[in-house]
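Data first, discussion second: the structure below is written as structure tokens.
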Amino acid sequence: MIRIVVLDAQNTVIAETLHPDTALLCVDREWQEGDRIEILTDPAAHVMVQMDAALPTGEVYLPGGKMTWPIPRGEHRLAYAPGAFEGLRHIVTARRITADELTKNRDLARNPSDLRGDTDFYPHCAANVETRNESVFAARNVIDGLRFNTSHGEWPFESWGIGARTDAWCKIDFGRDVIADRMALTLRADFPHDAYWVSGHAIDSNGNEIPFDLQKTGERQWIDLGGRRVRWLRLERMVKSDDPSAFPSLRAWEVFGHDADE
């Protein structure tokens, strides 16, 4: 069974629905501070969710059978499409993903519903720095499924910004073992405002290092991962170009592969 429930700051149930395979919930309410959505399933479930009409659907993995999703408010809304989480009517959907779908090659990193901070659902992206702690430069932006990269500071040009730090790192946690074939990095390309990285390293959950080079381009840059079994990947030791700009930034990080056999 899949249950969607909406609760307020006092844990009062505002709305809920239950369905064996595909739960659909319409909520008539102006979101308030402290409102949250919870999706409850059997443990270790893979679910396709849509948390707002303005957000794309996306796959999430719930190792504990629960997805806790506080409604983004205030400054946090700036990384989403205009109108997201606003108004008096909202939709939330959750569909169980089939075993056949899990074997298909796809972007394992993509999660438009990822949130900043700790989460109980995956994939999840985090970093040791986000420019000025602003949502439009948060690590979660690189797995939101968008690759618009010719501007910065507002949707749909949100990105991961490093605040000119030379020790910046960014990590995708898949929450379970996956087989990673290759990854694509899309740099933010708002030149000449932006600089770019000329090289970096990817570290996997087994301790292996994958060095790579990068070019000054707004196109995807592909890096072979060799079909390795990993639980997480981390970008680190990113080397900035000699451009006068101090602002290299990552717009999208895609990791293509499939779920590992249990």
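The values are calculated or read from the model by the stated rules, or taken from the named source; none is laboratory data. As the structure is a prediction and not an experimental result, all values here were calculated from the model. In this analysis, Cβ positions are derived from the backbone assuming ideal geometry, glycine residues included, and neighbour counts consider all displayed protein chains. Side chains are part of the model used for accessible areas, which takes the heavy atoms of the whole protein and leaves out ligands, DNA and RNA. Shrake-Rupley method; radii C 1.70, N 1.55, O 1.52, S 1.80 Å.
Conditions (1) of a type in the set (Phe, Trp, Tyr); (2) open to solvent by 10 Å² or more (accessible area, probe 1.4 Å); (3) closer than 30 Å to Gly64 by Cα; (4) under 20 Å from the mean Cα position of the chain (by Cα), marked per residue:
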residue	(1), (2), (3), (4)
Ser159	no, no, yes, yes
Ala164	no, yes, no, no
Asp173	no, yes, yes, yes
Ala180	no, no, yes, yes
Pro192	no, yes, no, no
Ile210	no, yes, no, no
Leu214	no, no, no, no
Gln221	no, yes, no, yes
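State all residues of region 213-239 that are under 19 Å from Ile143 (Cα atoms) and charged (D, E, K, R); if no residue qualifies, say none. Selection gives Glu219, Arg220, Asp224, Arg231, Arg234, Glu236.
For the subset of region 227-249 comprising residues that are touching a Ser or Thr at 6+ places or on another chain (Cβ under 6 Å) and either part of a loop (DSSP other than H, G, I, E, B) or of a type in the set (A, V, I, L, M) (or both), which member is surrounded by the fewest Cβ atoms within 10 Å (Cβ to Cβ)?
The initial filter retains those residues of region 227-249 that are touching a Ser or Thr at 6+ places or on another chain (Cβ under 6 Å), namely 230-232, 239, 249.
Next, only the ones that are either part of a loop (DSSP other than H, G, I, E, B) or of a type in the set (A, V, I, L, M) (or both) stay: 230, 239.
Working: Val230: 22, Val239: 13.
Among those residues, the one meeting the criterion is Val239.
Give the residue, chosen from Arg165, Arg188, Arg234, that is charged (D, E, K, R) and closer than 23 Å to Glu59 by Cβ. Talk me through it step by step, then tell me what you get.
On the way: Arg165 fails: closer than 23 Å to Glu59 by Cβ; Arg188 fails: closer than 23 Å to Glu59 by Cβ.
It is Arg234.
Could you please find all residues in region 127-182 being aromatic (Phe, Trp, Tyr) and touching a His at 6+ places or on another chain (Cβ under 9 Å)?
Of region 127-182, the ones aromatic (Phe, Trp, Tyr) are 137, 148, 155, 157, 160, 169, 174.
Residues satisfying the conditions are Phe137, Phe174.
Restricting Val92, Val129 to residues that are buried (at least 21 other Cβ atoms within 10 Å of the Cβ) and either modelled with pLDDT of 95 or more or aromatic (Phe, Trp, Tyr) (or both) narrows the list to Val92. Kindly check whether there is at least one residue in region 54-65 that is open to solvent by 10 Å² or more (accessible area, probe 1.4 Å) and part of a strand (DSSP E or B). Scanning region 54-65, I find at least one residue that is open to solvent by 10 Å² or more (accessible area, probe 1.4 Å) and part of a strand (DSSP E or B), so the answer is yes.
Does any residue of region 29-51 turn out to be under 19 Å from His124 (Cα atoms), open to solvent by less than 40 Å² (accessible area, probe 1.4 Å), among the β-branched types (Val, Ile, Thr) and in contact with a Ser or Thr (Cβ under 7 Å, 6 or more places away or on another chain)? Yes, region 29-51 has at least one match.
Glu134 - would you say it is touching a Ser or Thr at 6+ places or on another chain (Cβ under 8 Å), over 20 Å from Asp224 (Cα atoms) and touching a residue at least 12 places away in the same chain (Cβ under 8 Å)? Taking the combined requirement at face value, the residue does not satisfy it. Only one entry of Leu24, Leu78 meets the criterion of being assigned to a strand (DSSP E or B) and open to solvent by 40 Å² or more (accessible area, probe 1.4 Å), and that entry is Leu24.
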